Amino acid sequence: MVPGTVQQLTILLVLVLPGVFYQAAREHLRGAVAAEQEPQNRIVRAVAAGALLDAVYAVAAGPWLVRLLAGQGKGPVAGVLAHPREAGLTALLLVVVVPSGVAWAEAARDRRRRRARYEPTPTAWDALFRDRGSCFVRARLKNGLWVGGWLGSRSAVSAYPQPGDVYLESQYRMAPDGRFLGRVPDTGGVYLRAADIDVLEVLLRPSAPPVPARPQEEGAEHDTASPRV
């Protein structure tokens, strides 16, 4: 429900948003948890975290926060209207900075307790493509056919919790043994689902001396030659 009054908006900021920022920072630092992918679980955790943070705020600075909010008593948010800059900084601190700091502290504590380093990347699919630059990709499908292409700036790769899939902006003809034979003329790309792939390989471009650039179609960033593999 969208807040319809200033009072409702204030309640949303105070009760819900601290937990939302805590949840977002926690997932960024520790990775997504399968049990929290259900919307109702995420909402319950965010509300619970927000309520706990609000209780701490009330104990630590309750009277001061009430004076800041109510001001001289001329309206429910008279203090905010009278001191907008101070109210904005306070909201930024209590809604964003403190919840994010709590999430960071929890993640740091958990890392110290573990013997091995925790990798927040939830799946091997995400680890393979995370921060991946432009490269050739080839895949052997479960039916035995090979599919390959160029992963460039116009390509796209899914991330957890979505099902694994990849769009390669240019498709290449493939030999039965997986060798690249050449770029498909007028290719518009090729789409692959992880569920259909038996083996997927990323091929990095070999180091080579720079060569004079040749004109290419707008947006194309890869060589027209196939990799020698």
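The values are calculated or read from the model by the stated rules, or taken from the named source; none is laboratory data. In this text, all values refer to a predicted model and were calculated from it rather than measured experimentally. Using ideal geometry, Cβ is built from the backbone for each residue, glycine included, and neighbour counts are taken over all protein chains shown. Keep in mind that these areas ignore ligands, DNA and RNA; they rest on the heavy atoms of the full protein, side chains included. Shrake-Rupley method; radii C 1.70, N 1.55, O 1.52, S 1.80 Å.
Could you calculate the contour length gain from Asp196 to Leu128, that is, 0.36 nm times the residue separation minus the distance between their Cα atoms, to one decimal place in nm? Please list the in-between numbers first.
Values: separation 68, 0.36 × 68 = 24.48 nm, distance 1.71 nm.
Roughly 22.8 nm would be gained on extension.
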Would you mind putting 84-94, 162-172 in packing order, based on average other-beta-carbon counts within 10 Å, highest first? 162-172, 84-94
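Which of the trypsin sites (Lys or Arg not before Pro) found in region 114-205 are in a DSSP loop and have at most 12 neighbouring Cβ atoms, other than their own, within 10 Å?
Sparse-neighbourhood loop trypsin sites (Lys or Arg not before Pro): Arg114, Arg115, Arg117, Arg130, Lys142.
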Average accessible area per residue (Å²) across region 125-191 - probe 1.4 Å, nucleic acids and ligands excluded: 53 Å²
